[in-house]
1. Rounded to whole Hz and in sequence order, give me ³J(HN,Hα) for segment 245-257 from the Karplus expression 6.51 cos²θ - 1.76 cosθ + 1.60, θ = phi - 60°, writing x for Gly and Pro.
2. Step through the residues of segment 180-187 one at a time and calculate ³J(HN,Hα) from phi using the Karplus curve (6.51 cos²θ - 1.76 cosθ + 1.60, θ = phi - 60°), rounding each to whole Hz and writing x for Gly and Pro.
3. What shape does segment 327-409 take by its C-alpha gyration tensor, where a ≥ b ≥ c are the square roots of the eigenvalues and a/c under 1.5 counts as rounded, a/b above b/c as prolate, and the rest as oblate?
4. Find the centroid of the Cα atoms in segment 4-41 and in segment 202-234, then give the distance between the two in whole Å.
5. By counting other Cβ atoms within 10 Å of each Cβ, how are 249, 202, 480 ranked from fewest to most?
6. Taking Rh as the Kirkwood radius, which is the inverse of the mean 1/r over Cα pairs, what is the Rg/Rh value for the chain?
7. For segment 377-388, just list the computed ³J(HN,Hα) in residue order, Karplus coefficients 6.51, -1.76 and 1.60, θ = phi - 60°, integers in Hz, with x standing in for Gly and Pro.
8. Would you mind pulling out the separation of the Cα centroids of segment 177-191 and segment 329-356, in Å?
Amino acid sequence: MYLGIDIGTSGVKAVLVDEAQNIVDQATAPLVVNRPQPLWSEQNPEGWWEATCAAVKQLDPFKRSGVKAIGLSGQMHGATCLDNNDKVLRPAILWNDGRSHLECLGMMAEMPELTQITGNLAMPGFTAPKLEWMRTYEAENFVRVAKVLLPKDYVRLLMTGDYASDMSDSAGTLWMDVAKRDWSDDVLALTALTREHMPKLFEGSEATGKLRKDIAIDWGVPQVPVAAGGGDNAAGAVGSGTTSPGEGFISLGTSGVTFLADDSYRPNPEGAVHTFCHALPGLWHQMSVMLSAASAVDFVAKMVGFPQPSDLYAAAENANQPGQGVFFLPYLSGERTPHNNPNAKGAFFGLTHEDNQTSLAQAALEGVAFALADGIDALRETGAEIKALSVIGGGARSHYWGKILSAAFDLPLHYRGGAAVGPAFGAARLARLSVSDEAVEEICHPPAIEHTITPNTILRDHYATRRQTFQKLYIQTKEFTS
């Protein structure tokens, strides 16, 4: 068995994968996000550890006793600041936190070559601007910072005692020279930090250490190697077999990500496209990222009175009625690609007496689809040729939403085995690579396609018109949301 652990935003998922790459058991433990002020998004790192232990212990005891290696995946960008005794100094500032917008502008003004080194615009979601914010507003904490770890790497520290990270997750800090796959001393100095504050870098398929004996006993697993793993999107790509140029997937989780693999470093920061290292050696990837995808649908489900998000999907599917009037802007946490606007806001527009739960459910599914399509266009503007996308993440469970997405993107969508598991499955694959002599292509092939959705031409034309209105609504309301 190979154990994959994904430290997500809404929960920690643990999966067991056997030698034949079958998912033989899985478990999830929930997490809570705190929003103490507008634009703020934080979590308690101790909560990640508690949820990790809970998820692992839910797995079949007999099967987990056969684990040969463990891989880690996690939400990217979160700033976990530790003192000299590894004590957490403050709640972790998360990827969808927008407080450091001014610090981003200051960093790019002070270092014009920043985008060339890092391959990305400075955005509030990245880790480095968060530390700049701390330096200004929490100086007493900043001066005590001894190490800055990403969420999965804080969990790794408690598992193994090692300060270690992988290339893909670390590329999202804005402290890396992404082309060289190494920390940038110049960018670190820009934020008054050095390599001493950073973990050691590994490729995602390398082992970084071994599980501590006391943790192994507590979890009921052998004292096995722990692989570096990957940021959630790169690990999801490993799980979906997105490892060659031209291959891509769309992840429908808390955030929405369109991911394209590449064997070369091709940055395009002007379009708010992310360019990061992949979780496998010698590979990079591009991403468009929207901050509220399935989470925006979940929000609407709660606000309009559906008992569960699944009831929203079911209601929209049963009605099977494309939107005609009401629109939904899904920018509940600001937005990255293509707008790079932490102050973007969500809204319903065009409500009438005829609207009800079902029409608002349809509007929510369409609004997220239109926003994702804007990000795909930003990728296309880099010259990327996208012929089809695999679908992963929790949103992959709804094929009805897939019909909306396919029509909005004008692309075929492939649904593969294990799609809803995503990053945790990829983490298990990286764990296997860390202890075997097998080639990447032997292990990281795409799971079998179980279902394909092709664009409905009538729906495609309908959504092309509605998306133009959706785009105008963002532009025309932008001035009221700062």
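All of the numbers you see were taken from the coordinates with simple rules; none came from a lab. Please read all numbers here as calculations on a predicted model, not as lab measurements. Here the Cβ positions follow ideal geometry from the backbone for every residue, glycine too, while neighbour counts run over all protein chains shown.
1. x, x, 8, x, 9, 10, 9, 10, x, 3, 9, x, 10
2. 8, 6, 8, 4, 9, 4, 5, 6
3. oblate
4. Segment 4-41 and segment 202-234 have Cα centres separated by 16 Å.
5. Working: 249 30, 202 20, 480 9.
Least crowded to most crowded, the residues run 480, 202, 249.
6. 0.95
7. 4, 5, 5, 4, 5, 7, x, 5, 9, 10, 9, 6
8. Using only Cα atoms to place each centre, the spacing works out to 35 Å.
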